[in-house]
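Notes to accompany the following structure.
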Amino acid sequence: MFDEIEKAAKVIKEGGVILYPTDTIWGLGCDPKNDMAIEKIMRIKKRSDSTNFIVLVNGEQLLNQYVRIVPEICYDLIDLAESPLTIIYPKGQGVSKYVLADDGSIAIRITSHEFCSKLIQKIRCGLISTSANISGQPHPNKFSDISKEIISSVDYVVNLFHDQVAGKPSQIIKIGSKGEVKIIRK
């Protein structure tokens, strides 16, 4: 795993896009501050810039780097989550314009996936996470379901967990500025 983390980190630091396993499904990722890398992901996915991205972090320190104020209820949601949970926080910061929604909100998931956590630690920033598929197509349940078009378009394919069946996409909950909760995806 160490070698794969080193190779993926080098690509991300050089502004590239990786194809990698997550705690949910296979994803496309890059530095969340790098406009050009995010634009490349949008081209790979054939996706408009009106859809925002999830940022993976490995703990509260990075969460606090990307969110101006974390509503108290979010800590309870994180602690009580029994499966991967993405929270849309009211006020994001320190990321590309493509990561923030029109209202300034940001979608973040604290990952417990060993590879992702160690990669994030190595690159010292969050990691864009979006499903490894063309927009509108079904997400791949395993590496062999990822289209050759996607695979050939990225700068690096992580060579781990290719034989495992992925989970399902994370649950998404949006938290309003006054702490109101809205379930976006169960």
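Throughout, read-outs are computed from the coordinates displayed, never taken from laboratory work. These figures come from a predicted structure and were not determined experimentally. Cβ placement follows ideal geometry from the backbone for every residue including glycine, while neighbour counts extend to all protein chains displayed.
If SER131 meets every condition in (1) touching a residue at least 24 places away in the same chain (Cβ under 8 Å); (2) surrounded by fewer than 20 Cβ atoms within 10 Å (Cβ to Cβ) apart from one, which number is that one?
(2)
Sort out which residues of the stretch 80-98 are in contact with a helix residue (DSSP H, G or I) (Cβ under 9 Å, 6 or more places away or on another chain) and more than 19 Å from GLY176 (Cβ to Cβ), and write them in order of number.
Result: GLY94, VAL95, SER96, LYS97, TYR98.
Going by what's in this entry, would LYS45 be described as touching a Gly at 6+ places or on another chain (Cβ under 7 Å), in contact (Cβ under 8 Å) with a residue 24 or more places away in the chain and farther than 14 Å from ILE123 by Cβ?
Spelling it out, it is not the case that LYS45 is touching a Gly at 6+ places or on another chain (Cβ under 7 Å), in contact (Cβ under 8 Å) with a residue 24 or more places away in the chain and farther than 14 Å from ILE123 by Cβ.
Would you be able to tell me the number of residues in the stretch 151-169 that are among the hydrophobic types (A, V, I, L, M, F, W, C) and more than 17 Å from the chain's Cα centre (by Cα)?
Residues that pass the stated criteria total 4.
All but one of (1) closer than 21 Å to PHE143 by Cβ; (2) more than 16 Å from the chain's Cα centre (by Cα); (3) small (Gly, Ala, Ser) hold for GLY27; state the number of the condition that does not hold.
(2)
Look through the stretch 109-167, keep the residues that are assigned to a strand (DSSP E or B) and among the hydroxyl-bearing types (Ser, Thr, Tyr), and return whichever of them is farthest from GLN61 (Cα to Cα).
Among them, the one singled out is TYR156.
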